[in-house]
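**Q** Pasting in a structure now, in structure tokens, and then I'll have a few things to ask.
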């Protein structure tokens, strides 16, 4: 019985140390390389490894060579059963003023093992507040805008429902 306790304890200790000392920055650069193949580039960022995640500051997002947005901070937190992605202070390029909101103050995505087929989204910005979900099995994204402010630029992408209010829905 004592041997089984040591083996199980050693396994969980190894898993914990692997999680804490994993090369998270290298994984980020691997993701960046994958995005570059899709013509999406994040540049001028500062990447910092934390004990349980990754912090990216002052990045600029470009698609096909055109600057789309500047991002103040992105925080990834990797836990075994609960993972979060938080994006703070995104300012869209002025050339996209008729297609996108001017700024996003806060955006978060949460994946939990309690709901393994769903990613929960929430955010707030110049458009108001939003909440939504990504259904992984159905390959469907649904974003609700319960409190709206300036939606004139994104109104053409939204639908209106009496019960839900303004919402965006798509399949991928």
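**Q** Within the stretch 15-34, does at least one residue satisfy the condition of being in a loop (DSSP other than H, G, I, E, B) and closer than 30 Å to residue 153 by Cβ? Even if it seems obvious, please write down each step before you answer.
**A** Applying the first criterion (in a loop (DSSP other than H, G, I, E, B)) to the stretch 15-34 yields 21-23.
Right, trim to closer than 30 Å to residue 153 by Cβ and you get none.
Checked the stretch 15-34: no residue is in a loop (DSSP other than H, G, I, E, B) and closer than 30 Å to residue 153 by Cβ.
**Q** Something else: What number of residues within the stretch 68-90 are over 14 Å from the mean Cα position of the chain (by Cα) and surrounded by 15 or more Cβ atoms within 10 Å (Cβ to Cβ)?
**A** So in the stretch 68-90, the residues over 14 Å from the mean Cα position of the chain (by Cα) come out as 68-70, 79-81.
This time we only want the ones that are surrounded by 15 or more Cβ atoms within 10 Å (Cβ to Cβ), so: 68-70.
Result for the stretch 68-90: 3.
**Q** Just a yes or no: is a residue in the stretch 50-67 surrounded by 15 or more Cβ atoms within 10 Å (Cβ to Cβ), closer than 20 Å to residue 17 by Cβ and not assigned by TED's automatic domain parsing to the domain that holds residue 118?
**A** yes
**Q** Do the conditions hold for residue 55, that is, is it in a strand (DSSP E or B), within 26 Å of residue 148 (Cβ to Cβ) and out of contact with any helix residue (DSSP H, G or I) (no Cβ under 8 Å at 6 or more places or on another chain)?
**A** No: the conditions fail for residue 55.
**Q** Being at pLDDT below 95 and either within 22 Å of residue 112 (Cβ to Cβ) or surrounded by 15 or more Cβ atoms within 10 Å (Cβ to Cβ) (or both): is that true of residue 26 here?
**A** In short, no.
**Q** What tally of residues in the stretch 148-170 results from selecting those that are part of a strand (DSSP E or B) and surrounded by fewer than 12 Cβ atoms within 10 Å (Cβ to Cβ)?
**A** Number satisfying all stated conditions: 4.
**Q** Has the stretch 34-43 got at least one residue that is in contact with a helix residue (DSSP H, G or I) (Cβ under 8 Å, 6 or more places away or on another chain), surrounded by 12 or more Cβ atoms within 10 Å (Cβ to Cβ), within 18 Å of residue 75 (Cβ to Cβ) and in the same structural domain as residue 64 (by TED's automatic domain parsing)?
**A** For the stretch 34-43, residues in contact with a helix residue (DSSP H, G or I) (Cβ under 8 Å, 6 or more places away or on another chain), surrounded by 12 or more Cβ atoms within 10 Å (Cβ to Cβ), within 18 Å of residue 75 (Cβ to Cβ) and in the same structural domain as residue 64 (by TED's automatic domain parsing): present.
**Q** Right, here's the next one. Take the conditions assigned to a strand (DSSP E or B), surrounded by fewer than 16 Cβ atoms within 10 Å (Cβ to Cβ) and in contact (Cβ under 8 Å) with a residue 24 or more places away in the chain and apply them to residue 120. Does it pass? Steps first, answer last, please.
**A** Details: assigned to a strand (DSSP E or B): yes; surrounded by fewer than 16 Cβ atoms within 10 Å (Cβ to Cβ): yes; in contact (Cβ under 8 Å) with a residue 24 or more places away in the chain: no.
It is false that residue 120 is assigned to a strand (DSSP E or B), surrounded by fewer than 16 Cβ atoms within 10 Å (Cβ to Cβ) and in contact (Cβ under 8 Å) with a residue 24 or more places away in the chain.
**Q** Here is a check on your reading of the model: is residue 131 within 23 Å of residue 88 (Cα to Cα), surrounded by 12 or more Cβ atoms within 10 Å (Cβ to Cβ), in the same structural domain as residue 87 (by TED's automatic domain parsing) and modelled with pLDDT of 90 or more? Full working, then the answer.
**A** On the way: within 23 Å of residue 88 (Cα to Cα): yes; surrounded by 12 or more Cβ atoms within 10 Å (Cβ to Cβ): yes; in the same structural domain as residue 87 (by TED's automatic domain parsing): yes; modelled with pLDDT of 90 or more: yes.
Against the criterion (within 23 Å of residue 88 (Cα to Cα), surrounded by 12 or more Cβ atoms within 10 Å (Cβ to Cβ), in the same structural domain as residue 87 (by TED's automatic domain parsing) and modelled with pLDDT of 90 or more), residue 131 qualifies.
The values are calculated or read from the model by the stated rules, or taken from the named source; none is laboratory data. Since the structure is predicted, the reported quantities are computational estimates derived from the model, not experimental observations. We place every Cβ from the backbone using ideal geometry, glycine too, and count neighbours over all the protein chains shown.
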